[in-house]
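Nothing in this text is a laboratory measurement; each read-out follows from the coordinates by a stated rule. In this text, all values refer to a predicted model and were calculated from it rather than measured experimentally. Neighbour counts run over all protein chains shown; Cβ positions are idealised from the backbone, glycine included.
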Amino acid sequence: MSKSLSIIFNKAPYGTQSGRELLDIALMAAAFDMEICALFIDDGIYQLLRDQQPDILHMKNHSATFKALELYGIETVLVSSEDLRLRHLSTEQLMPVAEQAEPNKIQQVIAQSDFVFML
């Protein structure tokens, strides 16, 4: 039986390297046949915004890699509907890689995980 890992993206994409590092961890863990759940909460929902232009900040754009999550077998990708509402964002403004979920669903996924990783 494989172990499950929830990776929580909770920071904006370009203030720190945490988004890129968490993405690398998710892809690496998927290679070891772990069940991975990618959860986007708080300012982490900004990781999924369409048409990001980090080159303006002289940073590399890692957001396109989120489109490959499914190719790596990462099928559970959730974005907090409450955090979208609080930030006046809609799913149309995000890359189509995540399913909207209420906070109780996200908490349930975390509670059922063997491991939880957040930077």
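Straight-line reach from Lys105: taking Cα to Cα under 14 Å and skipping same-chain neighbours fewer than 8 places apart, the aspartates and glutamates in range are Glu82, Asp83.
Within a straight-line Cα-Cα reach of under 21 Å, Lys67 can be paired with the following lysines, leaving aside sequence neighbours fewer than 8 residues apart in one chain: Lys11. Decide, for the chain, between rounded, prolate and oblate: order the square roots of the alpha carbon gyration tensor eigenvalues as a ≥ b ≥ c, take rounded if a/c falls under 1.5, and otherwise choose prolate if a/b is larger than b/c, else oblate. Because a/c hits 1.5 or more and a/b fails to exceed b/c, the chain counts as oblate. Measuring gaps between exposed loop sites in the chain (trypsin sites (Lys or Arg not before Pro); DSSP loop; at most 15 other Cβ atoms within 10 Å), the longest gap, sites not included, is 4-49.
For the chain, the relative contact order is 35 percent, taking Cα pairs closer than 8 Å that sit 6 or more residues apart in sequence and dividing their mean separation by the residue count. Fully extending the segment from Glu70 to Ala111 would add 12.5 nm, taking 0.36 nm per residue of separation and subtracting the current Cα-Cα distance.
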